[in-house]
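Visitor: Just passing along the structure, written as structure tokens.
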Amino acid sequence: MRHHRNLKHVPTDPAERQERVWWLYEHRAWKIEVHGHLFSHAWTCVDIRFNYVDPETLTIEDDETRNTHFEIWLEAGPMFDQASDTSSGFPPPEGGWENHPSRWIRSHDPDLDCGAADLETALLRLANLVELCYDPETWESRSDRPRRCEGTFDENDAYTPGCEPASDGYCARCGWWPHGTPPPGF
Ligand SMILES: [Zn+2]
């Protein structure tokens, strides 16, 4: 679950919530262009999971009696054009990518991971993360997108997170919430 200091609050007004859910559905990141027309693949790009978690930590605890709170978890990422991928090392399919049925695949952007107790609220949180990270016109990552600080591994493979929490708990450098448990109010 990703939280950033600059995220908007999820709206409470029902009309505003509905408008925002449709804004997310219509986002350019989920659309692919075929013969000059744009088709939405929003329901391919947003992967819906659910889990029972501890209501305090919002994570799955080893002690299963603690996992009493229902959460919807979302993973999402823009449609990815395999024809543009020159790094895979695989040759293009026979006949080329042009009209190949699996030319476009969904991707996973971990900065969009989110969740909530109900699907509508989870989608509204996803909308906020998409707005923070993606340009609605070009569907590319925003050039000013906040990049999470990278951590480091020492010689014993012990990981030190790169973020430095400020007084509000969010990172002083990248602005992401660096803790395992959610910020107050989530
Ligand atoms: Zn950071």
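The values are calculated or read from the model by the stated rules, or taken from the named source; none is laboratory data. A quick note: this is a predicted structure, and the numbers were derived from the prediction, not measured. A quick note on method: Cβ atoms are made from the backbone with ideal geometry, for glycine too, and the neighbour counts reach across all protein chains shown.
Visitor: Please give the number of the condition Phe186 fails out of (1) free of Cβ contacts under 8 Å to residues at least 40 places away in the same chain; (2) outside the structural domain of Asp113 (by TED's automatic domain parsing); (3) more than 8 Å from the ligand (Cβ to nearest atom); (4) within 17 Å of Leu7 (Cα to Cα).
Guide: Result: Phe186 passes all but (1).
Visitor: For Glu140, all conditions in the list (1) surrounded by 11 or more Cβ atoms within 10 Å (Cβ to Cβ); (2) within 16 Å of the ligand (Cβ to nearest atom) hold save one; what is the number of the exception?
Guide: (2)
Visitor: Another question, then. Would you mention how many residues in segment 53-80 are loosely packed, with under 14 Cβ neighbours inside 10 Å and outside any loop (DSSP other than H, G, I, E, B)?
Guide: So the count comes out to 3.
Visitor: Does Asp47 satisfy the condition of being under 21 Å from the mean Cα position of the chain (by Cα) and either among the hydrophobic types (A, V, I, L, M, F, W, C) or under 28 Å from Trp177 (Cβ atoms) (or both)?
Guide: Spelling it out, Asp47 is indeed under 21 Å from the mean Cα position of the chain (by Cα) and either among the hydrophobic types (A, V, I, L, M, F, W, C) or under 28 Å from Trp177 (Cβ atoms) (or both).
Visitor: If I ask for residues that are in a loop (DSSP other than H, G, I, E, B) and among the acidic types (Asp, Glu), which ones from segment 121-163 would you list?
Guide: Correct list: Asp135, Glu137, Glu140, Asp144, Glu150, Asp154, Glu155, Asp157.
Visitor: Turning to a different aspect of this structure: Within the set of pairs 6 or more residues apart or between chains, which connect a residue that is closer than 30 Å to Asp81 by Cα inside segment 41-58 to a residue that is hydroxyl-bearing (Ser, Thr, Tyr) with Cβ atoms less than 6 Å apart?
Guide: Sorted first by the residue in segment 41-58, then by its partner, the pairs are Ala42/Tyr25.
Visitor: Continuing with the same structure: Here are some residues: Gly162, Gly151. Which one is within 16 Å of the ligand (Cβ to nearest atom), exposed (fewer than 14 other Cβ atoms within 10 Å of the Cβ) and of a type outside the set (Val, Ile, Thr)?
Guide: Gly151
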